[in-house]
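Below is one structure, written out as structure tokens; comments come after it.
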Amino acid sequence: MVSDSPSRRGYLSALGMAGIAAIGVRNTGSADDAAAATGSGSLTDWPMPRYDAAGTGYVPDARGPGETVDSVWSHDPEDLSSTFSPPILADDRLYLVSNSVAVLDAFDGEALFTYDGSSQSNPAIVPVDAYTSDTLALAGVEGLVGLNADGGYTILGRQFGVRRWRQDGESPSSSIFGPPTMSPPIAVGSTLYWANSGTDHLYAVDASSGRMLWERELGREGALGEPGRPAYLGGTVYASYWPYAVGAFDAQTGEMLWETEVTDQFVLPVTATSEAILVPGREGVTALDPANGDELWRFDHGGNQTEGAVAVADVSADDDSSGKMVYVVGEVFDQQADNRLYAVDLETGEQRWSASGRWRETTPVVGDDTVYISEFDTIAAFDASTGDLHWRFEIDSPLSTPIVSGEMLFCTSFKTVHALGPGEAR
């Protein structure tokens, strides 16, 4: 075991003793406000994009702000460039990626430290055996990188103990590309699974050492793979790749178990459930049998979606519903374009409700029987079972998908990080 990281509070004390300068921030709330809003000293981790390795965007035990909401704090970390990417949350810290990685205290927005360099994917937090602290894994234009999630140490303006390993590439340099554009890794135990859109390969990587466990080429002859974020469930890794293929792979060996094509112009990142593998595309969602890839049902929304993914949640239901719902955004073309959020029964593919809005092409998230989704400059909350609107909260700039934890929502807009908690509806 490599001891490279003290406890969180001890680490913060060490930062002060070492004279590490704090990152400048703009504070519109206080730590006391945040503690009152969360109601506890601990938040439920949201350790990777879309919450879990299956990609459900659903936290059964997480509580959001409820039926009212207000701002708790907002901050502009100095080293965070423009981004609309949602943060991840681990050990009461928010990790945000643009050209650099900024780490904030989730309760008051205090900036703790940053990682320099270029990153092109959102990160995932991975527990590892080789270190006392977790590994922060993320992809750059030249490979997958493992960093010290506790930040390493800064002496005389230089960072030490930050980078642990690199798989497939040289150290990334500063990038002009802005927000993350590469598929993020997912974490299962101490193993990372990552689909590299640059090489059209699916990788399994040991998060302690960066050692490649296996790799598998994606795509078919004459077509680039361009794979999206993979999904994991029950010992199988599922991945979609351009233009309309989905594959299932043994998580231990990388052996392909099945491959199928869906009826759509192209596919977006998949979500895995025991009932169905959900494959969103440009015009709808296809549900595949996890065992063999056979189509179970298809829901056509007739839209023109080029980004995003679905969320899946087990919510309260009436006698006509299985209780498990799929939430997907589709763009409807009539006299003018209109986006709709759809709730679809996971078992049958039948629509249960829909709601209109100015949705960005994004992924809904679900917590405490509430669906949260970002419009252009507004977050909206709907009852997950009925579609009834709880509230809309405007922030006046384009927003990322939120994450949910401890009666709080966290999201980003340009260079600002926002925390919302219970309050009066707007």
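The values are calculated or read from the model by the stated rules, or taken from the named source; none is laboratory data. Bear in mind that the values here come from a model prediction, so they are computed numbers and not experimental data. Reconstructed Cβ throughout: ideal geometry from the backbone, glycine too, with neighbour counts over all protein chains shown.
Observations, loosely collected:
- Strands (runs of 3 or more DSSP E) enclosed by region 96-168 - at least 3 residues per element that are surrounded by fewer than 20 Cβ atoms within 10 Å (Cβ to Cβ): 153-155, 158-160, 163-167
- The numbered conditions (1) more than 21 Å from the chain's Cα centre (by Cα); (2) farther than 21 Å from N196 by Cβ; (3) of a type in the set (A, V, I, L, M) are all true for A276 except (1).
- Any hit, region 72-84, residues being modelled with pLDDT of 80 or more and either of a type in the set (D, E, K, R) or surrounded by fewer than 18 Cβ atoms within 10 Å (Cβ to Cβ) (or both): yes
- Note on region 284-307: residues that are surrounded by 19 or more Cβ atoms within 10 Å (Cβ to Cβ), within 14 Å of V329 (Cβ to Cβ) and not aromatic (F, W, Y) total 5.
- Residues that are surrounded by fewer than 20 Cβ atoms within 10 Å (Cβ to Cβ), at positive phi and at pLDDT 50 or above are absent from region 30-45.
- Search result, residues across region 393-426 that are outside any strand (DSSP E or B) and modelled with pLDDT of 85 or more: I395, L399, S400, T401, P402, G406, E407, P422
- In summary, E215 fulfils each of the numbered conditions (1) free of Cβ contacts under 8 Å to residues at least 40 places away in the same chain; (2) part of a strand (DSSP E or B); (3) within 21 Å of the chain's Cα centre (by Cα) with the single exception of condition (3).
- Applying the condition of being within 21 Å of the chain's Cα centre (by Cα) and not in a loop (DSSP other than H, G, I, E, B) to region 380-392 and asking which residue is surrounded by the fewest Cβ atoms within 10 Å (Cβ to Cβ) yields A380.
- Taking the listed residues G302, G308, G281, the one that is at pLDDT 85 or above, at positive phi and not polar (S, T, N, Q) is G308, with no other qualifying.
- Candidate set: region 46-71, residues that are hydroxyl-bearing (S, T, Y) and more than 15 Å from the chain's Cα centre (by Cα); chosen: the one modelled with the highest pLDDT: S71
- Residue count for region 399-413, restricted to those that are within 13 Å of T362 (Cα to Cα) and either polar (S, T, N, Q) or without any contact (Cβ under 8 Å) to a residue 12 or more places away in the chain (or both): 2
- Any hit, region 172-182, residues being modelled with pLDDT of 85 or more, under 26 Å from T273 (Cβ atoms) and assigned to a loop (DSSP other than H, G, I, E, B): no
- Selection status of G228, assigned to a loop (DSSP other than H, G, I, E, B) and under 19 Å from T271 (Cα atoms): yes
- Qualifying residue in region 265-281 (condition: of a type in the set (S, T, N, Q), assigned to a loop (DSSP other than H, G, I, E, B), free of Cβ contacts under 8 Å to residues at least 60 places away in the same chain and under 24 Å from A124 (Cβ atoms)): yes
- Restricted to region 189-207, and to residues there that are among the aliphatic types (A, V, I, L, M) and under 18 Å from the mean Cα position of the chain (by Cα), the residue that is modelled with the lowest pLDDT is A195.
- Hey, Y342 of a type outside the set (K, R), touching a His at 6+ places or on another chain (Cβ under 8 Å) and within 13 Å of V329 (Cα to Cα) or not: yes
- Within region 126-141, residues that are under 19 Å from P49 (Cα atoms) have Cβ atoms under 7 Å from residues that are aromatic (F, W, Y) in these pairs: L136/Y95; A139/W194, counting only partners at least 6 apart in sequence or on another chain.
- Residues (under 25 Å from R282 (Cβ atoms), crowded, with 19+ Cβ neighbours inside 10 Å and in contact with a Gly (Cβ under 6 Å, 6 or more places away or on another chain)) located in region 205-258: L218, G225, A231, A239, S240, Y241
- Pairs where the first residue, in region 194-211, is farther than 13 Å from G228 by Cβ and in contact (Cβ under 8 Å) with a residue 60 or more places away in the chain and the second is of a type in the set (F, W, Y) and assigned to a strand (DSSP E or B), C-beta under 7 Å, 6+ apart: V205/W194; S209/W165; G210/W165
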